Amino acid sequence: MEQEHVMIEMIYEATMDPTLWQQVLIRLVEYTGSQSAIFTAIDQLNPKFNFTFTHNISEATLAAYHDEKIQMIDMQLHAPILKQQGLGEPVVLDWSAYAQRQGQAEYSFYEKCVAPSGIGSAQGILLETGQYRWAVLGIHRAATVPIYQQQETELLKRLSKHFRRALQIHRQLSLVQQENLDLYKLFDALKTGVILLDENACLLYANKQAQRILETCQELSLDHFNRLKAVTPYHAQLEQYLASARFQDSSPTHHQGIHAGGVLAIQSAQKSQVLMVSVVPFSSVWQNLSNKQQIEQKVAVFLTEPDKHYQLAGDFLKQHYQLSQREVEICQLFVDGYNLEAIAEECTLTLSSVRTYMKYIFAKTECSTQVELFRLLVGLSLDFEHIP
């Protein structure tokens, strides 16, 4: 138990000094009779959060894991398996069957990571999961060593909550680092979805609105390389706009600086919803706002959902009319066409509670009818105009 306590202390120390994760993994490998270990996290919507710490994994294997995007295959293959067991619950994995699945993702993972490392069995713990993110702790044994037994499984389970807490600390620290950029503070305050892409069109940053859209919209997503991908009818046009915004479009009809970027209206499969996408060059703006000495190629993508009707200026409503956060939420639903019964259901409130909130809203805004309130709120909405 003393050795376990030392490990727990080391985990929390490593949250403040990342160089210590190597020592944590060395201790974990020794304690569990393993050959190697990996502690990694991917958040495609917040790449600054990403990290990979390993022990006894070769540079070539690690390079393939990152450069050839095997880490994305790892997430897609194993997150569902680990998720079935639950967060913080160890799962013993046997990858020997992957060797027979040539031409499939499993074989790519086996060929690039498992076979070169001589791994026979592994044990993984899912520490965090989401549509575009995961965090996992894995330990590995050689093919000549028996698979993990109950004793090692119980140890990993006890340690898992400490790794999960360490993840939360790391996430908060990465957010603080982002917030030190005034530009990110500005984008986080916008009601419009904003995505920043680098010179390779890979996602650097997405504000909360953009994250929500990417997580819920099937027509726009991220690929293995963290690049924006639209559904088939729109993808070629999106690629052209992104290339021209980076001044990489060599087609004769697109002269540099004249046709840079563009506007795309992406319809849902049911044609009931539209996602408006504006692509614009952002290199010079980035240079000025982030005080960079050299110009770095950047592209900004702005996203709005016209079917959401109006985006209220929530901060203004709170400051000028002293509305509470709940009252602002009710106002947003009200201008989006929800009746009182639907608002009650959406907010998990009773109908009488919604009526009480509405009375407070009427009093604070000095409105006497729903029509009057609607006109006031529409006048306080924020809109982004997509200009082709």
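The table that follows gives values for the structure above.
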quantity: Flagged links, alpha-carbon separation over 23 Å, of 208/298; 298/318; 157/208; calculated: 298/318; 157/208
quantity: P(r), alpha carbons of segment 311-382 - 5 Å bins starting at zero, rounded %; calculated: 3, 18, 32, 28, 16, 3
quantity: Pairwise label distance in nanometres, residue 66 with residue 94, each label 7 Å out on the Cα-Cβ vector; calculated: 3.4 nm
quantity: Pairwise label distance in nanometres, residue 360 with residue 6, each label 7 Å out on the Cα-Cβ vector; calculated: 5.5 nm
quantity: Cα pair distances in segment 2-176, grouped into 10 Å bins until the bin that holds the longest one, percent each; calculated: 10, 41, 39, 10, 1
quantity: ³J(HN,Hα), Karplus 6.51/-1.76/1.60, whole Hz, each residue of segment 120-131, x for Gly, Pro; calculated: x, 9, 8, 9, x, 10, 7, 9, 7, 8, x, 4
quantity: Separation in nanometres of the label points that stand 7 Å from Cα toward Cβ, at residue 129 and residue 345; calculated: 3.0 nm
quantity: For peptides 90-97, 118-125, sequence by mean Cβ density within 10 Å, most packed first; calculated: 118-125, 90-97
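Laboratory data are not the source of any read-out in this text; all were calculated from the coordinates shown. Treat the numbers as computed from the prediction; the structure is a model and nothing was measured. Cβ sites come from the backbone with ideal geometry, for glycine too, and all protein chains shown count toward neighbours.
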